[in-house]
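The values are calculated or read from the model by the stated rules, or taken from the named source; none is laboratory data. All figures in this text were calculated on a predicted structure; none of them were measured in a lab. Neighbour counts run over all protein chains shown; Cβ positions are idealised from the backbone, glycine included. Keep in mind that these areas ignore ligands, DNA and RNA; they rest on the heavy atoms of the full protein, side chains included. Shrake-Rupley method; radii C 1.70, N 1.55, O 1.52, S 1.80 Å.
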Amino acid sequence: MGNNFWSTWSPSQRIFSLIWPATILYLIMKLLIEKMWGKNRGAVERFQTRREALFDDFKSRSAPASLVNNPRIVKGNETAEQIETTFNEILKLDLIALKSALQTDKYNAYTVLCAFVWRAIDVNSEINCITEVIREAFNTAEALDDNYAQTGEKGQLFGLPFSVKSNFYMENYDVTVGLAKLLEQPKTTTCPMVQFLSDQGAVPFCLTNVPQGLLSYVSSNPIYGTTKNPWDFSRTPGGSSGGEAALLAAGGAAFGIGSDLAGSLRIPAAFCGLVTLKPTQDRLCVTDTHGGLPGRGRLGLSFGFYTRSVKEQEFLLGLIVGRSEYLELCPMSSPAKLEKHIEKDQKLVIGWFVDDGFNPVVPSNRRAVEETVKSLQAKGHQVVELKLADVSEEFPPFAVADMLFRNVMPDNGAYMSEMYAGEQYDEHMKLFIRLVCLKQNFLVSFLLRYGVMPFAKLALSKRLACIGSAYNSDLAACRQNQENTDSYKLQWIRYWKSKKIDALICPSFITPAQPFEYPAQLSNGAFITGLFNMLDVPAGVVPVSPVNQKDVDQLIDGFSTEGDLLLKKQREAARGTTGLPNAVQVVTLPNCEEMCLRVMRLVEESAEGVQRLQWRVGASAAPIDVENTPAGVVSSLEHFERVNLLH
Amino acid sequence: FYVHFSNNRKKLIERLEIVAQRRRDDLSKNVEQARKAADKLDTQRRDWIGSLDFEQLRDELQRGHVTCVEAIRAYFHKAILAHEKTNAVTCFILDAERQAEELDEQAKLPYYVKPPLFGVPLSLKECLKVKGYDTTRGFVQDAYHPATEDSIQVEHYKKLGLIPFCQTNVPQSLLSYNCSNPLFGTTTNPYDSTRTCGGSSGGEGALIGAGGSLIGIGTDVGGSVRIPCHFTGTAGIKPSKMRFAHRGGGASVPGKPLIDANDGPMAKDVKTNVEFLRNVWGDIDFQSDRDPYCPPVHWNESVYSSEKKLRVGYYIDDGWFTPTPALQRAVLESKKHLEAAGHTVIPFYPPRLPSVMQLYFRAVCLDGGQYVLNKLLKDIIEPTIRFQVTLWMVPVWIQRILSYPVSLVFPRMGMLMQSLTRDTFELREAYADIEAYREEFVGLMMKDNLDVILCPASIMPAPQHDIPSKVVSGVSYTCLYNLLDFGAGVVPVTAVSKSDEEKLINEYPETDKWYQITKKATLGAVGMPIGVQVAAPPYREEAVLRTMREIEIAVTGK
């Protein structure tokens, strides 16, 4: 009977009966796809295609086999093996040695660029730190060599390949910060910092990964994917300059640049074992970037470099801070050069703390500070323990944390919510983004502040309650918060001077590198770095003795969670971190970057057991203990060996 | 409720009137004490000291031909004369005589090296903190609350040898460009007592304009140094905020970012400003050590003394408020002077001024004006700003609703009615837009390779006392450079002429109420001084001063 029914239909009736359900199905599918990607799906696909094509192009152009007999390759270009040997020699050099080699014609710009591109492409295929390559890089290197041949002149950074954090504007390149809606909107200007470095002869060759919207410390987003930490592939390199730090730590660039709004330079440096310094905001003013939080309240947005050593950091900062060539590109930057003289043998007064009063740090990060302070004391410097609770009676640490979080979101997250609207959420940031968006609903935010947060404070986490309760109810509250911030800054300076300290040493973060899922849950970690953005003081990070097994063992009875949910998460995040980089933070008064660098160097000299990663060439030297080593570390050790640093 | 409120307010006002009267009586006594001190100096000697200009007096003090005590007494006298004419002074710092005596005693010691500005009298705007003296900002409620310490800057000036000898009047809350408050009354323009001296450093402008001080310090958040200089025929500069320390400042709206107040020197001429800043910035480490947020950026003599020809961008109309003819003529005359000196002067157009005005008001009154309004409602409200206060009392959302019909008739007024911030989202947006605008503006200057900007100092010459609160939007020429945080100065160039008045009558627009008020206020202003404004990006104040100085030399010949 069914068959009979169908067969009695006319052909037109049959076609019609198929059209309707097909149409409905199409609309449903379209809705689902648009919900996933919005209107930007096409843009994402076009970008992915272009990205892969450029990666392949760079890979082939830097492959030793394709460079045989290329006259631009110096020190032997007759066989692929010869070229590879040269490349490996170049890649072993630190920044100062490489600069010297380039200045003395041992290598030329083209050869060095090929070497770094060759390595960076391999590194990227493992840890996904690069968002796209800069098409003009090879032409730039050729032009540098040709110009030198004609004029005999070299800039100070001649031929040094560097990576660019992808929120810095470059002419003809998109700045998406991981948001699909910003694709296919190439910038028409170049960031003055990048322009200056290029004018000095450095070669920008790639853009590096960042968190979606720049507002997390996991460098992951739907467009470019997730960047892994080269020390442990199951962990994040930090953020928002995470791609930059990961690439440099893996040996894929000569140096890196980044921005810091609440720890975005320092957290990746701590997670990846690099040196960085966040200057006072106006000491190095940079424009033409995506700031992450345009219109933020009292938070200093600073820019700086990633290097492997403090000496390299001094060199790069000294080159740009207060230089007239840079001031011509960016007139609003301070003309005060880095030249305050500090006596070499001067004994300093070093303040220190391991507990910021808001969020305790895990044993490894605590030990880093304690050991550093001990060794500085042994060298004759005076050490003074500080308690953040003593800075101001009016503002105890939890009140300062509230102040900070309210400065991060003066509009209670409305801008962030708008930024993420219509976007596919990154899998590692989903929780954070959803919470911010939910907060925009009046009823939800009301229930959150007066119902959920008081409960959370008692039963779950004081720190979670503090973050969730940070809210500018109206304009008067926002103004008052900013007035309070100004007042706290004055009290900080007064406290500092009353203790007569030259610099402060404190933990660089609450844990070493974390697995990908934890940053969205542990926003509380941003206090120990964000505090110094709110104060707008220089803050540097220096690697010290790596995490050891004892540190990890002590997580059980050496780190009290006080029944706090976030502290439990923190403990979990710090498990399995043996061997990972460990660091301390060095802080000074505003506009005292010179003193900060001085103390950073002292810290570096006193550190023991610091390692760096080197790409493995040839077969593995020693078998990896797969049984007792975390999977992420095994993956890392298959590609990188850990080499002790020599000072 | 209203009856209850008005009864409470009446009682409050009665109490405040008593305090205000007591304060005015104290001022009278204070003036008498200053007069006694001044009378200790021989008349002929006093007149001679009073005739010296800044450099001459400084040199005589350095050589010991004039003692510090004599200098202070001479300027007590001159300030009293100026005060009688304009009501500029809120308090004579009688401690100055003791400080002068101390300096004179130290000068006798064989090893003593005189600081560079040894013994020079200095007047201070009342909101600058001096230990033991009030900082009321024109609020009766803040009277009799003396500062417990000097601000860093006042400390620094004393170290350089300067002697603060009096405090000068301000408008209530510092947020107007007239100079009246219920505590000390109205300060008048030395050229015409029916007209205002400007604000908020109006007392300073009047005092210097009337010859009562050689050099003074004002503060500027929207034109508060530059407008008084323009109205009173004096010269002054507002540096970008990073060039002075800020600890201990008395902000009118605490907590607002981006639109920071900064101190600025004011004097009879540019030369004095240069000499003052050369010494202050030559010793800027004093301030940096005490306020690390102040970067150690020293005076840059090579920029100031450079022989390199400058590229100057100029405009006579910013697209928001057309200045009266005299101000336009002043810019064009200055353009000629600069071209005659060999500089390149080309047209420049500040972008999107109407939206800049909105951003400025949103950032200055970041809480929709609530902080200031609350303070005013606990005080006697100055009659000349009652109009402004009335506007502030209208809820923001009502202003928004009314702005739409008003826009149909008066577009500029409608836009301004949308200027107060409504919520935190809009505030964040305003901050973001200000930062973006700064980059854009500097980018435009860099594209044309400009060193400085030349433009009108205001929209009109000095008006009557109640006009500023009715033409609040008239600060567009000065507040732009506060929003940008540029160094910006004003130098006197000319005076209103008969032909300017004729042009005003025949050509000046009357398209809306503001233009009508401005036109009417400018009638009868023949002879009033007119200045021009010069501005440059942060840390380039030396280029501003150089340009101002060249204009000054071309105008005065010295």
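So that you can scan it fast, the table gives a plain yes or no per residue for (1) open to solvent by 40 Å² or more (accessible area, probe 1.4 Å); (2) at negative phi; (3) not in a helix (DSSP H, G or I):
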| site | (1), (2), (3) |
| --- | --- |
| B:Leu41 | no, yes, yes |
| B:Arg46 | no, yes, no |
| B:Leu61 | no, yes, no |
| B:Ala71 | no, yes, no |
| B:Ile80 | no, yes, no |
| B:Glu84 | yes, yes, no |
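Quickly run through the stretch A:380-428 and pick out the residues that are free of Cβ contacts under 8 Å to residues at least 24 places away in the same chain, assigned to a helix (DSSP H, G or I) and of a type in the set (D, E, K, R).
The one that is free of Cβ contacts under 8 Å to residues at least 24 places away in the same chain, assigned to a helix (DSSP H, G or I) and of a type in the set (D, E, K, R): A:Glu418.
Could you identify the single residue in B:Ala462, B:Ala436, B:Ala432 that is crowded, with 24+ Cβ neighbours inside 10 Å and of a type in the set (Gly, Ala, Ser)? Step through it out loud before you land on a result.
Numbers: B:Ala436 fails: crowded, with 24+ Cβ neighbours inside 10 Å; B:Ala432 fails: crowded, with 24+ Cβ neighbours inside 10 Å.
When all the criteria are applied, what remains is B:Ala462.
Given (1) in contact (Cβ under 8 Å) with a residue 60 or more places away in the chain; (2) in contact with a Lys or Arg (Cβ under 7 Å, 6 or more places away or on another chain), where does B:Pro509 come up short, assuming only one miss?
(2)
How about the stretch B:321-372: which of its residues are more than 14 Å from chain A (Cβ to nearest Cβ) and within 20 Å of B:Ala436 (Cβ to Cβ)? Give the steps one after another, and end with the answer.
First, pick out the residues of the stretch B:321-372 that are more than 14 Å from chain A (Cβ to nearest Cβ): B:321-358, B:360.
Answer for the stretch B:321-372, where residues must be more than 14 Å from chain A (Cβ to nearest Cβ) and within 20 Å of B:Ala436 (Cβ to Cβ): B:Phe348, B:Tyr349, B:Pro350, B:Pro351, B:Arg352, B:Leu353, B:Pro354, B:Ser355, B:Val356, B:Met357, B:Gln358, B:Tyr360.
Please enumerate the residues belonging to the stretch B:439-453 that are touching a residue at least 12 places away in the same chain (Cβ under 8 Å) and either facing another protein chain (nearest Cβ under 7 Å) or open to solvent by 10 Å² or more (accessible area, probe 1.4 Å) (or both).
Across the stretch B:439-453, the qualifying residues are B:Glu440, B:Val442, B:Leu444, B:Asp448, B:Asn449, B:Leu450, B:Asp451.
Quick check: is even one residue across the stretch B:333-343 open to solvent by less than 20 Å² (accessible area, probe 1.4 Å) and over 24 Å from the mean Cα position of the chain (by Cα)?
Taking the stretch B:333-343 as the starting set, the residues that turn out to be open to solvent by less than 20 Å² (accessible area, probe 1.4 Å) are B:334, B:338, B:343.
Keeping just the survivors that are over 24 Å from the mean Cα position of the chain (by Cα) gives B:338, B:343.
Scanning the stretch B:333-343, I find at least one residue that is open to solvent by less than 20 Å² (accessible area, probe 1.4 Å) and over 24 Å from the mean Cα position of the chain (by Cα), so the answer is yes.
Looking only at the stretch A:257-290, which residues are over 23 Å from A:Lys337 (Cβ atoms) and either open to solvent by less than 10 Å² (accessible area, probe 1.4 Å) or aromatic (Phe, Trp, Tyr) (or both)?
A:Gly263, A:Arg266, A:Ile267, A:Pro268, A:Ala269, A:Ala270, A:Phe271, A:Cys272, A:Leu274
Please enumerate the residues belonging to the stretch B:188-219 that are part of a helix (DSSP H, G or I) and either surrounded by fewer than 24 Cβ atoms within 10 Å (Cβ to Cβ) or of a type in the set (A, V, I, L, M) (or both).
Here is the first cut: in the stretch B:188-219, the residues part of a helix (DSSP H, G or I) are B:202-209.
Within the stretch B:188-219, B:Ala206, B:Leu207, B:Ile208 qualify.
Suppose the filter is open to solvent by 20 Å² or more (accessible area, probe 1.4 Å), out of contact with any strand residue (DSSP E or B) (no Cβ under 8 Å at 6 or more places or on another chain) and more than 14 Å from every other protein chain (Cβ to nearest Cβ); does B:Phe387 pass it? Spell out how you get there, then give the answer.
Working: open to solvent by 20 Å² or more (accessible area, probe 1.4 Å): yes; out of contact with any strand residue (DSSP E or B) (no Cβ under 8 Å at 6 or more places or on another chain): yes; more than 14 Å from every other protein chain (Cβ to nearest Cβ): yes.
The answer is yes for B:Phe387.
Kindly establish whether B:Val526 is hydrophobic (A, V, I, L, M, F, W, C), assigned to a loop (DSSP other than H, G, I, E, B), open to solvent by 20 Å² or more (accessible area, probe 1.4 Å) and touching a helix residue (DSSP H, G or I) at 6+ places or on another chain (Cβ under 8 Å).
Spelling it out, B:Val526 is indeed hydrophobic (A, V, I, L, M, F, W, C), assigned to a loop (DSSP other than H, G, I, E, B), open to solvent by 20 Å² or more (accessible area, probe 1.4 Å) and touching a helix residue (DSSP H, G or I) at 6+ places or on another chain (Cβ under 8 Å).
Of all residues in the stretch A:478-509, which are of a type outside the set (D, E, K, R), without any contact (Cβ under 8 Å) to a residue 60 or more places away in the chain and within 10 Å of another protein chain (Cβ to nearest Cβ)? Working first, answer last.
Going residue by residue through the stretch A:478-509, those that are of a type outside the set (D, E, K, R) are A:478, A:480-482, A:484-485, A:487-488, A:490-493, A:495-496, A:498, A:501, A:503-509.
Next cut, without any contact (Cβ under 8 Å) to a residue 60 or more places away in the chain only: A:480, A:490, A:498.
Correct list: A:Gln480, A:Leu490.
Quick one: which helices (runs of 4 or more DSSP H) lie wholly within the stretch A:540-647 and hold at least 2 residues that are free of Cβ contacts under 8 Å to residues at least 12 places away in the same chain? Spell out how you get there, then give the answer.
Working: elements: A:549-557, A:565-574, A:593-606, A:631-639.
Per the criteria, A:549-557.
Among the residues of the stretch B:542-558, what is the count of those that are under 21 Å from B:Gly198 (Cβ atoms) and within 14 Å of another protein chain (Cβ to nearest Cβ)?
1
Test of understanding: among B:Pro509, B:Pro456, B:Pro529, which residue is within 20 Å of B:Ala206 (Cα to Cα) and away from every other protein chain (no Cβ under 14 Å)? Talk me through it step by step, then tell me what you get.
On the way: B:Pro509 fails: within 20 Å of B:Ala206 (Cα to Cα); B:Pro456 fails: within 20 Å of B:Ala206 (Cα to Cα).
Answer to the selection: B:Pro529.
Just name the residue that is surrounded by the fewest Cβ atoms within 10 Å (Cβ to Cβ) out of those in the stretch A:301-331 that are under 29 Å from A:Ala250 (Cα atoms) and within 11 Å of chain B (Cβ to nearest Cβ). It would help to see each step written out before you state the result.
Looking only at the stretch A:301-331, we keep the residues that are under 29 Å from A:Ala250 (Cα atoms), and these are A:301-321.
Remaining after also requiring within 11 Å of chain B (Cβ to nearest Cβ): A:301, A:321.
Values: A:Leu301: 22, A:Val321: 20.
So, considering only residues that are under 29 Å from A:Ala250 (Cα atoms) and within 11 Å of chain B (Cβ to nearest Cβ), the one surrounded by the fewest Cβ atoms within 10 Å (Cβ to Cβ) is A:Val321.
Return a yes/no flag: does the stretch A:93-100 have any residue that is exposed (fewer than 15 other Cβ atoms within 10 Å of the Cβ) and at pLDDT below 90.
No, because not a single residue in the stretch A:93-100 is exposed (fewer than 15 other Cβ atoms within 10 Å of the Cβ) and at pLDDT below 90.
Determine, yes or no, whether A:Pro211 is out of contact with any Leu (no Cβ under 8 Å at 6 or more places or on another chain) and surrounded by 22 or more Cβ atoms within 10 Å (Cβ to Cβ). Before you say what the answer is, go through the steps one by one.
Values: out of contact with any Leu (no Cβ under 8 Å at 6 or more places or on another chain): yes; surrounded by 22 or more Cβ atoms within 10 Å (Cβ to Cβ): yes.
Judged against the criteria, A:Pro211 is a match.
If the requirement is being farther than 30 Å from B:Glu149 by Cα, in a helix (DSSP H, G or I) and either open to solvent by less than 10 Å² (accessible area, probe 1.4 Å) or within 14 Å of chain A (Cβ to nearest Cβ) (or both), which of these qualifies: B:Val274, B:Val280, B:Val312, B:Val303?
Numbers: B:Val274 fails: farther than 30 Å from B:Glu149 by Cα; B:Val280 fails: farther than 30 Å from B:Glu149 by Cα; B:Val312 fails: in a helix (DSSP H, G or I).
When all the criteria are applied, what remains is B:Val303.
Here are some residues: B:Phe165, B:Phe139. Which one is within 20 Å of the chain's Cα centre (by Cα), of a type in the set (A, V, I, L, M, F, W, C) and more than 19 Å from B:Leu207 (Cα to Cα)? Steps first, answer last, please.
Details: B:Phe165 fails: more than 19 Å from B:Leu207 (Cα to Cα).
Unique residue meeting the criteria: B:Phe139.
Just the residues that are within 26 Å of B:His337 (Cα to Cα) and charged (D, E, K, R), please, taken from the stretch B:469-526.
If the condition is that a residue be within 26 Å of B:His337 (Cα to Cα) and charged (D, E, K, R), then B:Lys498, B:Asp500, B:Glu501, B:Glu502, B:Lys503, B:Glu507 are the ones that fit.
Can you tell me which condition A:Gly530 does not meet? The list is (1) part of a helix (DSSP H, G or I); (2) modelled with pLDDT under 90, and all the others hold.
(2)
May I ask you to say which residue of B:Gly222, B:Gly236, B:Gly264 is more than 13 Å from every other protein chain (Cβ to nearest Cβ), part of a loop (DSSP other than H, G, I, E, B), under 26 Å from B:His465 (Cβ atoms) and under 23 Å from the mean Cα position of the chain (by Cα)?
Values: B:Gly236 fails: part of a loop (DSSP other than H, G, I, E, B); B:Gly264 fails: part of a loop (DSSP other than H, G, I, E, B).
Among B:Gly222, B:Gly236, B:Gly264, only B:Gly222 is more than 13 Å from every other protein chain (Cβ to nearest Cβ), part of a loop (DSSP other than H, G, I, E, B), under 26 Å from B:His465 (Cβ atoms) and under 23 Å from the mean Cα position of the chain (by Cα).
If you scan the stretch A:108-127, which residues turn out to be more than 16 Å from A:Leu67 (Cβ to Cβ), open to solvent by 10 Å² or more (accessible area, probe 1.4 Å) and touching a residue at least 60 places away in the same chain (Cβ under 8 Å)? Lay out the reasoning, then the answer.
Applying the first criterion (more than 16 Å from A:Leu67 (Cβ to Cβ)) to the stretch A:108-127 yields A:123-127.
Those left that are additionally open to solvent by 10 Å² or more (accessible area, probe 1.4 Å): A:124-126.
Within the stretch A:108-127, A:Asn124, A:Glu126 meet the criteria.
For the stretch A:513-525, state whether one or more residues are within 14 Å of chain B (Cβ to nearest Cβ), open to solvent by 40 Å² or more (accessible area, probe 1.4 Å) and either β-branched (Val, Ile, Thr) or farther than 28 Å from A:His381 by Cβ (or both). It would help to see each step written out before you state the result.
Restricting attention to the stretch A:513-525, the residues satisfying the condition of being within 14 Å of chain B (Cβ to nearest Cβ) are none.
No, the conditions are met nowhere in the stretch A:513-525.
For the stretch A:457-466, name all the residues that are in a helix (DSSP H, G or I) and either within 14 Å of chain B (Cβ to nearest Cβ) or open to solvent by 40 Å² or more (accessible area, probe 1.4 Å) (or both). Give the steps one after another, and end with the answer.
Of the stretch A:457-466, the ones in a helix (DSSP H, G or I) are A:457-459, A:462-466.
Result: A:Lys457, A:Leu458, A:Ala459, A:Lys462, A:Leu464.
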